[in-house]
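Worksheet for the structure shown next.
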Amino acid sequence: MSVVRRTFKSTPGRDASETWRAISELLLRNGDGSARAELEAVAGIATSLIADQAPREAPITVICSGPRTRIYCLYDDDAMGGEDVNEESLGFDPLNGEWSISLPCPADDLSWARRALAQYSKRITARDLSEKQAETAASSTSSSVLTLDTKEFLA
Amino acid sequence: MTTVVVNTYTHSVVYVADNILRSLKDIIRLSGLDPAAFVGDWETNHRAIKTWLGSQHLRGVWLEIYNPATNALIVRWDIEISYAWSSDDGSFWTDTEQLRYAIRKAGLSPASARYSLLLDTKPGRPDVSGWGTGHERSTSGMVRQSLGSTIEHSGLGGRTSYLRNSS
């Protein structure tokens, strides 16, 4: 499975609410009505986690039947310069088929955030942001980076 | 390549508005209450704080934690806005540890407690959709404990204190 990374500027380049809206627009490639409704329903919770700077080191992970998308956010001076920003649209539908979104969350906020998310969506969940390593390790075993074997290709 | 970052007042407004709401969410959670309703109103609250920080009409942000049976205030957290903005100093400052210490000192609120957000503004503020004139609960008999500056960017910031019963 291939993995695609995007990096969004957040506070103070744009506020946390605007950051979630920008991320949602990236994901809603096909403008799917039910997916849009779910992303909008959890906006306050996701915005709060973005304001907590949870996606600074641990990504928002989007899983679907195609490539996996990892979304990070930039903060402080990094969010004002913009040279590390990559908000380009994706070449695939990141919510194609059975999709799910995992939001990184500070451990102290996990209890209320999970409870609140469950009221609006079964697909959008929160995980302890310190679980990043486990998530990365798990995904690296099933991920592959696509490269062109020029020797084989030209043979 | 050398990168030059330019501080603007808008950057400071965004940073301070986001971190005021983040701090209040932490206060609610650390007080033993559920912040879900507070974050549900995030965008509306943020719009008002951002607008009135931008126009410099915002004097303070008050989080009232009260007894819903009597409507009496249990504790009120105040963030007083300081307008000393300068483009010279671009450091970011949000002191969550000081807040944690103060909240522990203030104590947990009863699980039945409710909270509400009030914004104290100067006269002549621009209108913000969803916001109108309201009234604060009585603080009679309460004493103020000050934490000092807890949020700041380039001189725009907030000084936090809380009011609680003296007994």
Within the bounds of the range B:82-104, is there any residue that is away from chain A (no Cβ under 14 Å) and either assigned to a strand (DSSP E or B) or at pLDDT 95 or above (or both)? yes
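Given the residues A:43, A:54, A:58, which is the only one that is within 14 Å of another protein chain (Cβ to nearest Cβ), in contact with a Lys or Arg (Cβ under 8 Å, 6 or more places away or on another chain) and modelled with pLDDT of 95 or more? Working first, answer last.
Values: A:54 fails: in contact with a Lys or Arg (Cβ under 8 Å, 6 or more places away or on another chain); A:58 fails: within 14 Å of another protein chain (Cβ to nearest Cβ).
Testing whether each residue is within 14 Å of another protein chain (Cβ to nearest Cβ), in contact with a Lys or Arg (Cβ under 8 Å, 6 or more places away or on another chain) and modelled with pLDDT of 95 or more leaves just A:43.
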Filter the range A:71-83 down to residues that are surrounded by fewer than 20 Cβ atoms within 10 Å (Cβ to Cβ) and more than 14 Å from chain B (Cβ to nearest Cβ), then give me how many there are. 1
Within the range A:2-16, is even one residue at pLDDT below 95, away from chain B (no Cβ under 12 Å) and in contact with a Ser or Thr (Cβ under 7 Å, 6 or more places away or on another chain)? yes
Might you check whether a residue that is more than 15 Å from the chain's Cα centre (by Cα) and over 30 Å from residue B:7 (Cα atoms) occurs anywhere in the range A:20-30? yes
Among helices (runs of 4 or more DSSP H) entirely within the range A:35-118, at least 3 residues that are under 17 Å from residue A:14 (Cα atoms) occur in A:43-51, A:77-81
If you scan the range A:17-36, which residues turn out to be modelled with pLDDT of 95 or more and of a type in the set (Gly, Ala, Ser)? A:17, A:22, A:24
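Quick one: in the range B:115-162, of everything that is of a type in the set (Val, Ile, Thr) and more than 14 Å from chain A (Cβ to nearest Cβ), which residue is surrounded by the fewest Cβ atoms within 10 Å (Cβ to Cβ)?
The initial filter retains those residues of the range B:115-162 that are of a type in the set (Val, Ile, Thr), namely B:121, B:128, B:133, B:139, B:143, B:150-151, B:160.
If we keep only those that are more than 14 Å from chain A (Cβ to nearest Cβ) as well, we get B:121, B:128, B:133, B:139, B:143, B:150, B:160.
On the way: B:121: 19, B:128: 16, B:133: 5, B:139: 16, B:143: 11, B:150: 22, B:160: 25.
If we take residues in the range B:115-162 being of a type in the set (Val, Ile, Thr) and more than 14 Å from chain A (Cβ to nearest Cβ), then B:133 is surrounded by the fewest Cβ atoms within 10 Å (Cβ to Cβ).
Can you name the residue in the range B:1-55 that is of a type in the set (Phe, Trp, Tyr) and within 8 Å of chain A (Cβ to nearest Cβ) and is also surrounded by the fewest Cβ atoms within 10 Å (Cβ to Cβ) among such residues? Full working, then the answer.
Residues of the range B:1-55 of a type in the set (Phe, Trp, Tyr): B:9, B:15, B:38, B:42, B:52.
Retained after the next criterion (residues that are within 8 Å of chain A (Cβ to nearest Cβ)): B:15, B:42.
Details: B:15: 28, B:42: 25.
So the residue we want is B:42.
Can you confirm whether the range B:69-80 contains a residue that is at pLDDT 85 or above, within 14 Å of chain A (Cβ to nearest Cβ) and outside any loop (DSSP other than H, G, I, E, B)?
Taking every residue of the range B:69-80 in turn, none turns out to be at pLDDT 85 or above, within 14 Å of chain A (Cβ to nearest Cβ) and outside any loop (DSSP other than H, G, I, E, B).
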Can you list residue pairs whose Cβ atoms sit under 8 Å apart, with the first residue in the range A:94-122 being free of Cβ contacts under 8 Å to residues at least 40 places away in the same chain and the second being part of a loop (DSSP other than H, G, I, E, B) and among the acidic types (Asp, Glu)? Count only pairs 6 or more apart in sequence or on different chains. A:112/B:34; A:115/B:34
Cβ-Cβ below 8 Å, separation at least six or inter-chain, first residue in the range B:99-111 and in contact (Cβ under 8 Å) with a residue 24 or more places away in the chain, second polar (S, T, N, Q) and assigned to a helix (DSSP H, G or I): which pairs? B:99/B:23
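The values are calculated or read from the model by the stated rules, or taken from the named source; none is laboratory data. This structure is a prediction, so every number in the text was calculated from the model and none was measured. No Cβ is skipped: glycine too gets one built from the backbone with ideal geometry, and neighbour counts run over all protein chains shown.
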